């Protein structure tokens, strides 16, 4: 009985030191595309220098009320993909991969006109009363960037994600389809992340 406590303590110390030597397999971070647009990034290591990545790219809710008129908008989007890293120096890595990107926006107005943005700089204006426009979008993004490892737990990275997307806006008896390829300033981002 007197040996049981020291034996359990030794086993506990041994297993905790073994777990402490495991390298972090997950990462979570904040990605900024400008000072008013940011999203969350979560990555899980699949094998050495290969990660599954998930990005909650954006979310927006707006409501405008002027006398008897209202304009309400909601949008959300995200991406999931695979990322690979190539070592350049002991602290710097080249990052590349692909993402599947999806988004959905809903816009509603009870009177007047409604302008719907496609998220890439273009917009369409609808006129009429009691408008409800639904805009789903899907695409493929190509991740290109660099990652600087500050230490074993923290890193910063800069990425470009040019994309090919298809979307449609539906509602009020009309349908508008879009296809876009390329990238703009919203495809560039800076990320600060923590490994655990």
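For residue 161, which of the numbered conditions (1) touching a helix residue (DSSP H, G or I) at 6+ places or on another chain (Cβ under 8 Å); (2) at pLDDT 95 or above fails to hold?
Status for residue 161: all satisfied but (2).
Could you grab the pairs with beta carbons closer than 9 Å, sequence gap of 6+ or different chains, first residue in region 86-115 and at positive phi and in contact (Cβ under 8 Å) with a residue 12 or more places away in the chain, second one surrounded by fewer than 14 Cβ atoms within 10 Å (Cβ to Cβ) and outside any strand (DSSP E or B)?
112/129
Quick one: which of 140, 134 is within 18 Å of the chain's Cα centre (by Cα), without any contact (Cβ under 8 Å) to a residue 60 or more places away in the chain and either within 19 Å of residue 81 (Cα to Cα) or part of a strand (DSSP E or B) (or both)?
Exactly one of 140, 134 is within 18 Å of the chain's Cα centre (by Cα), without any contact (Cβ under 8 Å) to a residue 60 or more places away in the chain and either within 19 Å of residue 81 (Cα to Cα) or part of a strand (DSSP E or B) (or both), namely 140.
Kindly provide the set of residues from region 147-159 that are surrounded by fewer than 16 Cβ atoms within 10 Å (Cβ to Cβ) and in a strand (DSSP E or B), ordered by number.
Hits for region 147-159 are 148, 154, 156, 158.
Residue 111 is checked against (1) more than 30 Å from residue 23 (Cβ to Cβ); (2) assigned to a strand (DSSP E or B) and fails just one. What number does that condition carry?
Condition not satisfied by residue 111: (2).
Can you tell me how many residues in region 172-192 are free of Cβ contacts under 8 Å to residues at least 40 places away in the same chain and either outside any loop (DSSP other than H, G, I, E, B) or over 22 Å from residue 56 (Cα atoms) (or both)?
The number of residues fulfilling the criteria is 6.
Just to be sure before I move on: is residue 120 within 21 Å of residue 190 (Cβ to Cβ), touching a strand residue (DSSP E or B) at 6+ places or on another chain (Cβ under 6 Å), surrounded by fewer than 17 Cβ atoms within 10 Å (Cβ to Cβ) and modelled with pLDDT under 90 in the structure I sent?
no
State all residues of region 33-87 that are part of a strand (DSSP E or B), farther than 27 Å from residue 107 by Cβ and either at pLDDT below 90 or out of contact with any strand residue (DSSP E or B) (no Cβ under 8 Å at 6 or more places or on another chain) (or both); if no residue qualifies, say none.
Within region 33-87, 47 is the sole residue that qualifies.
The values are calculated or read from the model by the stated rules, or taken from the named source; none is laboratory data. Keep in mind that what you see is a predicted model, and the values were worked out from it rather than measured. For neighbour counting, all protein chains shown are included, and Cβ atoms are generated from backbone atoms with ideal geometry for every residue, glycine included.
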